[in-house]
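Beneath this line is the structure, given in structure tokens, with notes to follow.
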Amino acid sequence: MCGIVGYIGEKQAAPFLLSGLARLEYRGYDSAGIAVYNNGDITVAKKKGKLAVLSESIEDGFKIKGTFGIGHTRWATHGEPSDVNSHPHTSMSGTFAVVHNGIIENYLTLKDELTNKGFEFKSQTDTEVIAQLLEMYYEGDLFDAVVKTTARLNGSYALGIVCKDYPDTMMAVRKESPLIVGLGTGENYIASDIPAILGHTRNVYLLENDEFVVATKEDVKIYDRNKNLIKKKIFEVNWDVEAAEKGGYDSFMYKEMLEQPRALRDTIHPRIHEGHVKLDNISMTKEDIEKFTKISIIGCGSAYHVGCVGKYVIEKLTRKPVEVELASEFRYREPIVDDTTLVVVISQSGETADTIAAMRDAKKAGARILSIVNVVGSTIARESEDILYTWAGPEIAVATTKAYSTQLSAIYLIALYMADLLGTIEKDQLDKYVKALYDLPDKVEKVIEKREEIKAVADEYCKIEHAFFIGRGTDYAAAMEGSLKLKEISYVHSEAYAAGELKHGTISLIENGTLVVAVAASKNHFDKMLSNIEEVRARGAVIYALCGEGNKLIEKKAKYVFYIPDTEDIFTPSLVVPPMQLFGYYVSKAKGLDVDKPRNLAKSVTVE
């Protein structure tokens, strides 16, 4: 969601803030702004629209002087996108400027209170109440005003704060929204994500809830709410700037799709030793696993779809019952979870708000938490008993590709690890699975090499308005992700259905020329899928089939066929999803859309 960046040092702040915000554009936003302190005053510049609009209006930042400031890219939650509703927001007298990521749930009550006390509001946002509260509580001590203000806030927030009475001090605080501190020499930084500052430092502090940052150009101190100094461990970022750049590709999404074989090797290969899966940062014993009466997998969006595949794979290999839960639903019902439940939490960023809340609810109920995350040191990673990092590297495009693929491989690793300990599969079958998993990155590479085949179909059908994806078992779970990729970046109405359910209503939507992507990779379901394909073909559908090599019979049913390399059935989702990712990408490109920044979407969903 919203991006935050802050700088205090010797250099001009505005150009730095703009460059930092540019590195956070992947998060999704509808407006941008900066506030810079200079000679006893705070200069604010903010504009609706892309960052380039703001940058042009202030001559790439050189129009605004000052060596201390904060910046923001906003994704609207309260109030329409506009110049006025953009961040930073200032207090009535102009003493404070604030940037905020999160949602203040009690802002209307606070706004009424402040209005009754004579404060005047300019925007429709929840954030402006923070600036006004700071002014109300300010009696010359900035820290006290921030502590008193945040004590009144219900909800989530990461805040960057400038006070014109404190020309040498930048303050920040977080609660339930991500925020980091970058440590430099003669300059220091805050940001909502590492890429914003990676070109300037590799040393960061990862903030916990209710930690208050007091930063000068020479020093950073972190305190708790009672002004007790906190000793923080420096986290060193071990990936390079180039990993977060396009590297000559036309989009981050295209680059990240092509990075999938490398990412899969990094996730899988170090964890296979002498025919067995060995998981780092996992302390579960055989006795622990035997105690679990069920496994719940929790995620949102693509992470949820990973869980849908995981249900089939884990149940098959371990014979443990598995539930797959949307995090946003899990937290608002009364799930049956206790100390005999393993909860597998999946999140690329490790900061997904609904997933964090669901994880915490499960922990309170006694469940053991195993997280699959990409971002080291993220909230979910820090609060989990067991962590399996995907090592996908930074994923910038809003539509996930390599993060999904590596999360899926992590699920395979977990399933094989547990099955091996439990003894629920025979040794010869375990050997086959482990070898097939080890070989998976090479086979994904072969799939991606055939991308021109996919582009040809996408170019022909780029003007479609509706599409349907069908499959059975793990093919259906993979179809859900393929459908999501098409709709989120090309704005084509697309739905995924279990092929066996077609006759229960869905087939009424099929008409002459309707595109149906039929995922038929599973050998166990191939014959049944042929029947389902014939059902929709008889109603005029155009069939684009994805299936294993050698199944030439499908060419009699489908207009287009994409063949994937042979592998074990449980791993076929890893081979059919990349072609569907590429299909959505090529449709979007043919329509002239921005694949990296699809409308209304954000990379890291840090609010409900």
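Under 5 Å from the amide H of VAL220 lies no amide H of any residue 5 or more positions distant or on a separate chain, with H modelled from the backbone and absent for Pro and chain starts. For region 339-418, carbon and sulfur atoms together expose 55% of the accessible surface, with a 1.4 angstrom probe and every protein chain in place. Of the solvent-accessible surface of region 533-608, computed with a 1.4 Å probe and all protein chains present, 46% belongs to carbon and sulfur.
Once C-alpha pairs closer than 8 Å and six or more residues apart are averaged by separation and normalised to the residue number of region 465-590, the relative contact order reads 29 percent. Distance distribution note for region 289-329: the fraction of Cα pairs above 16 angstrom is 32%. All other residues with a Cβ under 12 Å from the Cβ of HIS466 taken together, and with Lys, Arg as +1 and Asp, Glu as -1, what is their net charge? That works out to -1. For region 170-210, the Stokes-Einstein estimate of translational diffusion at 37 °C and a viscosity of 0.692 mPa s comes to 314 µm²/s, using the Kirkwood hydrodynamic radius over alpha-carbon pairs. Of the residues ASP339, ASP126, the one with the largest accessible area comes first in the ranking ASP339, ASP126, computed with a 1.4 Å probe on protein heavy atoms. When you restrict to C-alpha pairs under 8 Å that are six or more residues apart and normalise by the size of the chain, the relative contact order lands at 12 percent. Could you compute the net charge surrounding TYR37? Neighbours are other residues with a C-beta less than 11 Å from the C-beta of TYR37; K and R count +1, D and E count -1. Cβ neighbours under 11 Å give a net charge of -1. For region 435-484, the equivalent ellipsoid derived from the Cα gyration tensor has semi-axes of 24, 18, 6 Å, listed largest first.
Rolling a 1.4 Å probe over the protein heavy atoms of region 259-313, with every protein chain left in place, gives an accessible area that is 51 percent carbon and sulfur.
Counted over all Cα-Cα pairs of region 311-367, pairs farther apart than 20 Å make up 26 percent. Treating each Cα of region 255-377 as an identical point scatterer and summing with the Debye formula, the log10 of I(q)/I(0) at q = 0.17, 0.19 Å⁻¹ comes to -0.95, -1.17. Along region 133-139 the Karplus relation, 6.51 cos²θ - 1.76 cosθ + 1.60 evaluated at θ = phi - 60°, assigns HN-Hα couplings of 4, 4, 5, 4, 8, 6, 10 Hz to successive residues, with x for each Gly and Pro. What you get for the chain, charging only the Cβ of Lys and Arg (+1) and of Asp and Glu (-1), is a dipole of about 660 debye around the Cα centre. For ARG537, the accessible surface of its heavy atoms amounts to roughly 100 Å² (probe 1.4 Å, protein chains only, rounded to the nearest 10). Counted over all Cα-Cα pairs of region 344-439, pairs farther apart than 18 Å make up 51 percent.
Computed over protein heavy atoms with a 1.4 Å probe, the accessible surface of the chain works out to 38 Å² per residue.
Based on the convex hull around the alpha carbon atoms, region 121-214 presents an average projected area of 6.7 nm². Principal axis analysis of the Cα atoms in region 418-514 yields extents of 50, 36, 21 Å, listed in decreasing size.
Each part gets one Cα centre, and for region 270-338 versus region 44-83 those centres are 43 Å apart. For the chain, the share of alpha carbon pairs falling in successive 20 Å distance bins from zero is 20, 49, 27, 4 percent.
These residues, GLU511, GLU445, GLU334, go from largest to smallest accessible area, 1.4 Å probe, as GLU334, GLU511, GLU445. Ranking SER283, THR293, HIS273 by how far each Cα lies toward the positive end of the dipole of region 271-311 (charges on Cβ) leaves THR293 at the top. Going by accessible surface with a 1.4 Å probe and the largest first, MET253, MET136 read MET136, MET253. For region 97-227, the relative contact order is 21 percent, taking Cα pairs closer than 8 Å that sit 6 or more residues apart in sequence and dividing their mean separation by the residue count.
Candidate cross-link partners of LYS320 among the lysines, defined by an alpha-carbon separation under 24 Å and a same-chain spacing of 8 or more, comprise LYS278, LYS286, LYS291, LYS294, LYS311, LYS363, LYS364, LYS427, LYS432, LYS435, LYS523.
With the charge dipole of the chain set up from +1 on Lys and Arg Cβ and -1 on Asp and Glu Cβ about the Cα centre, the Cα lying farthest toward the positive end among the listed residues ILE414, ASN209, CYS163 is that of ILE414. The charge dipole of region 507-608, taken about the Cα centre with unit charges on the Cβ atoms of Lys, Arg (+1) and Asp, Glu (-1), comes to about 380 debye, rounded to the nearest 20. Start at zero, step by 10 Å, and the Cα-Cα distances of region 21-158 spread as 12, 43, 35, 10, 0 percent across the bins. Distance distribution P(r), region 387-463, all Cα-Cα pairs, bin width 10 angstrom from 0: 15, 33, 31, 16, 5, 0 percent. Shown in residue order for region 556-562 are the 3J(HN,Hα) couplings computed by the Karplus curve 6.51 cos²θ - 1.76 cosθ + 1.60 at θ = phi - 60°: 6, 9, 10, 6, 10, 9, 10 Hz (x for Gly and Pro).
Each residue of region 503-513 is assigned a 3J(HN,Hα), and the resulting list reads 6, 9, x, 5, 5, 5, 8, 7, 9, 4, x Hz, derived from the Karplus form 6.51 cos²θ - 1.76 cosθ + 1.60 (θ = phi - 60°), x at Gly and Pro. Between the listed residues GLN260, ASN374, SER192, the Cα displaced farthest toward the positive end of the dipole of the chain, a dipole computed from Cβ unit charges relative to the Cα centre, is found at GLN260. Computed on the Cα atoms alone, the convex hull of region 379-427 gives a volume of 97 cubic angstrom per residue.
The values are calculated or read from the model by the stated rules, or taken from the named source; none is laboratory data. Since this is a predicted model, take the numbers as computed values, not measurements. Cβ atoms come from the backbone with ideal geometry, glycine included; neighbour counts cover every protein chain shown. These accessible areas exclude ligands, DNA and RNA; they are computed on the full protein's heavy atoms, side chains included. Shrake-Rupley method; radii C 1.70, N 1.55, O 1.52, S 1.80 Å.
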